[in-house]
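Remarks on the structure that follows.
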Amino acid sequence: MAKTGTTSQGLREAIERSGYYPALVAEAVEAAVGRESVVSFLVHQETTFDSNEVRRHATVLVLTGTRFIVSHTDEQSADSSAPAPYATTSTESVKLSRISSVVISRVVADPQSYTPGTLPREVVLTIGWGAVSRIDMEPAGCGDPNCEADHGYTGSTTADDLSLRISEAGDGPETVRRTLEFAQALSEATAVAGR
């Protein structure tokens, strides 16, 4: 479930509606936002399956006039180091000028009859600011099938700071639309900050 909007009160209400440890999530996010005004936000909750356990995860994205704030909250099961279940919450504050990319990947059904303005079936929002990069390496080769020379390695680096998948089937069409709105607001803000 994802919610988006433009006010601090709307942000608090969206966190409360998500129902995922709202007091914990709201306190962490509000502390990170501080006294700045909220320009736009997105609250996304997802459920994952880990072996025999169901785990929930909440991501809150907030755009202020100067920063992009991302908060993650995860629940953990009891284990040998903790006799009771617990949750971890983290927030990161990124200056808008540091955001290097805002990528929206759209998946549309029946593309040959696509009509402009039709919502995609799903979107993937990927935001990069250089905190995390992934390197994919593989042995390099040549076109000669009989070559036994060592050609070293080849690879690619991908910025992988944040990626959220929102689908019409899982989150609803309104959530897909709201994700697109947040992405547009963030993209526009980073363009202004980069000047």
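The values are calculated or read from the model by the stated rules, or taken from the named source; none is laboratory data. Source: prediction; values computed, not measured. Cβ: placed from backbone, ideal geometry, glycine included. Neighbour counts: every protein chain shown. Side chains included, ligands, DNA and RNA excluded: accessible areas come from the protein's heavy atoms. Shrake-Rupley method; radii C 1.70, N 1.55, O 1.52, S 1.80 Å.
Can you tell me the length gained on complete extension of the stretch A109 to A149, counting 0.36 nm per residue apart and subtracting the Cα distance? Walk me through the numbers on the way to the answer.
Values: separation 40, 0.36 × 40 = 14.40 nm, distance 4.63 nm.
Full extension from A109 to A149 adds 9.8 nm.
With the other protein chains left in place, how much accessible area per residue, in square angstrom, belongs to the stretch 33-168 at a 1.4 angstrom probe?
60 Å²
Expected output is a single nm value to one decimal: the length gained when fully extending between R165 and A78, i.e. 0.36 nm times separation in residues minus the C-alpha distance. What is it?
28.5 nm
What whole-number distance in Å separates the alpha-carbon centres of the stretch 84-125 and the stretch 60-79?
About 15 Å separates the Cα centre of the stretch 84-125 from the one of the stretch 60-79.
Taking only Cα atoms, what is the 0 to 90° angle, nearest 10, from helix 22-33's long axis to the longest principal axis of the chain?
Approximately 80 degrees, to the nearest 10.
Please give the contour-minus-distance gain from R98 to L119: 0.36 nm per residue of separation, less the Cα-Cα distance, rounded to one decimal in nm.
Working it through step by step, the gained length comes to 4.6 nm.
Between Q9 and A191, what FRET efficiency follows from the Cβ-Cβ distance if R0 is 30 Å, with the result rounded to 0.05?
Result of the calculation: an efficiency of 0.60.
At 7 Å along Cα-to-Cβ for each site, give me the label-to-label distance between R55 and E16 in nm.
Inter-label distance under the simple model: 3.0 nm.
How much of the accessible area of the chain, in percent, comes from carbon and sulfur atoms when a 1.4 Å probe is used?
49 percent
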